[in-house]
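Below is one structure, written out as structure tokens; comments come after it.
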Amino acid sequence: MFPAALEDAIRAALAAAAGAGALPALDGLEFVVERPRDRAHGDWATNVALAAAKPAGRPPREIATIVVEHLPDVPHLDGTSIAGPGFVNFTLARSWLHEVLRLAAAGSDHGRLDVGGGRKVLVEFVSVNPNGPMHIGHARGAVLGDVVCNLLDYAGYRTVREYYFNDAGDRMEKYYSSLEARYLQALGREAEVPADGYHGDYVVEWAGELAAEVGDAYAGYPVKLRVWALDRAIRDIKATLERIGVVFDTWFSEQTLHERGDVEAALARLRDGGHVYEADGATWFRTTAFGDDLDRVLVKSDGTTTYIAPDAAYHHDKFARGYDLLIDVWGPDHHGYQARMKAALAAQGHDPDRLELIIMQNVAVARAGTAVRMSTRSGDLITLDEVVDEVGVDATRYYLISVSPDTAITFDLELAKRQSMDNPVYYLQYAHARMRSLERYAAAEGVARQPLAEVDLSVLEHPAEVELLRQADRLREEVAEAAARRAPHRLAGYGYELSGAFHKFYSDCRIVTEDAALT
């Protein structure tokens, strides 16, 4: 709210100065209004004078003085100053912080925005192959995608969460073969798991479940076994995701793209557009025409398609469903895939800028100082369920979202479950616990909460009280910035700083006292 009000006032000052002949017309001048790093420089600062210096042909400090002289009245503005080469600093009156408190107390929508304007966004994330349990590395994309959706919804977009499961291809064939072998073993028959198959204990467990359910009815019936195996893996993934609060609106099967002819249709669109050629027995996509460093194979010499073909069909289908924006959350192994995916969209007549790709880095897990490997195939993994069992949902979600997606994470299990103030999750939880304890104590003392409209907030003068209000004032801008940058880790950092302000307030200020007005 306040940056926008100050920007409007600054533009009004520029117009007034131009009308008075003090400055030339500077319509459309670009400048920023932001919080200074040093609190001594005020609550907000602008570089308008520096930005105007060249077009105005005047020294920045002179322009800053003119801007300040022509500023209209701004509610809650207490003072201005000019610093350094020409920055204009603004100091707000305490009345603004009191207004923030009233706004926050008015309801849970404090901080909600409408920058999205109701645009429909499809966010595709996780998309783990349905051939085994989710491990903690998979979970980073799950929490990242979920919080991005929460942010966009809060900022005025309409998001849909979609899970695209790869139920076609070589990896699924190996999974099916491995489960079939274990199933036959569970029936007491001779069978070998393929050397390059899936050897984890979960395959043995699931095969035992199948044998208990159907006996030998699926022996020799690979289609029935495959249907069961796919459903079993997806049920496991869904249950794990729901444990950490991630629920998808839609689940999309890669196999349906092949069955419906969508992949062939995508190949036809690329051929008709002149973007495909034959060479070395394969079908190639001329991605270099769209900025890629190399052309890419669409159909291999054995007739099987590469990932590009079904992905081109899938993203065409997304746009056909009427979404304004697509966001994909991908793992680090997809860095080189971005250019060809954008090319596939452009070649099919779509605006590639309507696809955003969030590439996240890996998660390493340490237990007692020893790294834990995560391989679904070998079974040498630490599952997401195991992590949640050990450290809880709050810690799991916080640690996976607290760092920028483009930075690798080492998930320290011992720190995550430590009940001390050096654990950021405990730090946040303890702030919440203290808030609840205050409410219980006040109720026990017979102190009733009064409507803020009836309270004199000018008694809030202690530095810790003022700092807590300043942190509360940041919520709206943090939501706006985190949503615009698709950077939910900013909210984790903001929550930590807000908790710190509360802990300081709790320690320095008596809250429920004989002073009824202050209480």
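The values are calculated or read from the model by the stated rules, or taken from the named source; none is laboratory data. Values in this document were obtained by computation on a predicted structure and should not be read as measured data. Cβ placement follows ideal geometry from the backbone for every residue including glycine, while neighbour counts extend to all protein chains displayed. These accessible areas exclude ligands, DNA and RNA; they are computed on the full protein's heavy atoms, side chains included. Shrake-Rupley method; radii C 1.70, N 1.55, O 1.52, S 1.80 Å.
Each residue, residue 12 and residue 239, gets one label point 7 Å from its Cα in the Cβ direction; the gap between the two is 6.2 nm. Size estimate for the stretch 138-281 follows the Kirkwood approach: the inverse of mean 1/r over distinct Cα pairs works out to 18.2 Å.
Split the chain at each of the GluC sites (Glu not before Pro) in a DSSP loop with at most 13 other beta carbon atoms within 10 Å, and the longest piece is 193-444. Rounded to two decimals, the Cα radius of gyration of the stretch 44-156 over 2.2 N^0.38 Å is 1.74.
A DSSP coil position with no more than 13 other Cβ atoms inside 10 Å describes the following trypsin sites (Lys or Arg not before Pro) in the stretch 28-63: 37.
Going 7 Å from the Cα of residue 250 toward and past its Cβ, which residues in the stretch 159-188 have a backbone nitrogen under 13 Å from where you end up? Output list for this probe position: 159-165. The modelled label-to-label distance for the pair residue 307/residue 83, using points 7 Å beyond Cα in the direction of Cβ, is 4.8 nm.
Rounded to the nearest 0.05, the FRET efficiency derived from the C-beta distance between residue 449 and residue 279 at R0 = 51 Å is 0.10. Helix 338-347 and the long axis of the chain differ in direction by around 80°, with both axes built from C-alpha atoms. Maximal additional length on extending the residue 320-residue 110 stretch stands at 72.1 nm, based on 0.36 nm per residue less the C-alpha distance. Expressed as a whole percent, the accessible area of the stretch 1-131 that falls on carbon and sulfur atoms is 52 (1.4 Å probe).
Would you kindly give the portion of the calculated P(r) for the stretch 401-505 that falls above 15 Å, as a percent of all Cα pairs? So the portion of pairs separated by more than 15 Å is 73 percent. The lysines within cross-link reach of residue 120, meaning a Cα-to-Cα straight distance under 23 Å and a gap of 8 or more places when in the same chain, are 318, 342. Against the chain, whose longest principal axis comes from its Cα atoms, helix 262-272 is set at around 80 degrees. One chain, two ends: residue 38 and residue 459. Fully extended at 0.36 nm per residue, the span grows by 149.0 nm beyond their Cα-Cα distance.
Accessible surface for the chain, divided over its residues, is 48 Å² per residue with a 1.4 Å probe.
Dividing the alpha-carbon radius of gyration of the stretch 224-324 by the rule-of-thumb value 2.2 N^0.38 Å gives 1.35.
Once both axes come from the Cα atoms, what is the angle between helix 463-473 and the longest principal axis of the chain, in degrees from 0 to 90, rounded to 10? Around 50 degrees separate the two axes. The magnitude of the dipole of the stretch 38-189, with charges of +1 and -1 set on the Cβ of Lys/Arg and Asp/Glu and taken from the Cα centre, is near 340 debye. In units of the compact-protein estimate 2.2 N^0.38 Å, the stretch 29-97 shows a Cα radius of gyration of 1.09.
Length gained on full extension, residue 496 to residue 508: 2.5 nm, using 0.36 nm per residue less the C-alpha separation. From the coordinates of this entry, P(r) over Cα pairs in 10 Å bins from 0, in percent is computed, and it appears in [x] 4, 19, 30, 28, 15, 4, 0; [y] 4, 18, 27, 27, 17, 6, 1, 0; [z] 3, 14, 20, 21, 18, 12, 8, 3, 1, 0 under the label [z]. Restricting the calculation to Cα atoms, the stretch 317-465 yields a radius of gyration followed by a Dmax of 23.7, 70 Å. Placing unit charges on the Cβ atoms only, positive for Lys and Arg and negative for Asp and Glu, gives the chain a dipole magnitude near 400 debye about its Cα centre. In whole Å, how far is the Cα centre of the stretch 329-356 from that of the stretch 472-519? Here the answer is 38 Å between Cα centres.
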